[in-house]
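Heads up: the structure comes next, in structure tokens.
The values are calculated or read from the model by the stated rules, or taken from the named source; none is laboratory data. Predicted model only: the values in this text are computed from it and were never measured. These accessible areas exclude ligands, DNA and RNA; they are computed on the full protein's heavy atoms, side chains included. Shrake-Rupley method; radii C 1.70, N 1.55, O 1.52, S 1.80 Å.
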Amino acid sequence: MKAGFIAAAVAVPLILAAAAAPVWCAPAADTTAAVKDDARTAGHAVAHGAASVGHGVADKSREAGHAIANGTRSARDTIRDDSKKTGHAIADGARNVGRTVREGMQKLKAGMTGKSSEPAPKS
């Protein structure tokens, strides 16, 4: 692919030089048209080669990206699962601390006032 692009890029000056040589010697309408056609053909060849190289690079880049994503998938899953477990453990710990503080405050209030902070039964 790169070789085709390089060959086309090298061919452009050669084609233009060969086509332009008769123009310097004896200008003619047919020669000008031939030079334009040759230049157009060379330009199209270069553009086609560049497009082929560009598509090849894009394909290789896409393959590399997918390979990296597939290779890191297990690590991502492990980190996500560990993060969930840690978050749940922190939430449970905070809930237990809150419950302990609330019960301690209720006992302290009951000791200070002689009344329980819980509502009296309605029986």
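Averaged per residue, what accessible area in Å² does region 66-111 show with a 1.4 Å probe, protein chains only? Per-residue value: 84 Å².
Considering only protein heavy atoms and a probe of 1.4 Å, how much of the accessible area of region 26-117 is carbon and sulfur, as a whole percent? Carbon with sulfur: 61 percent of the solvent-accessible area.
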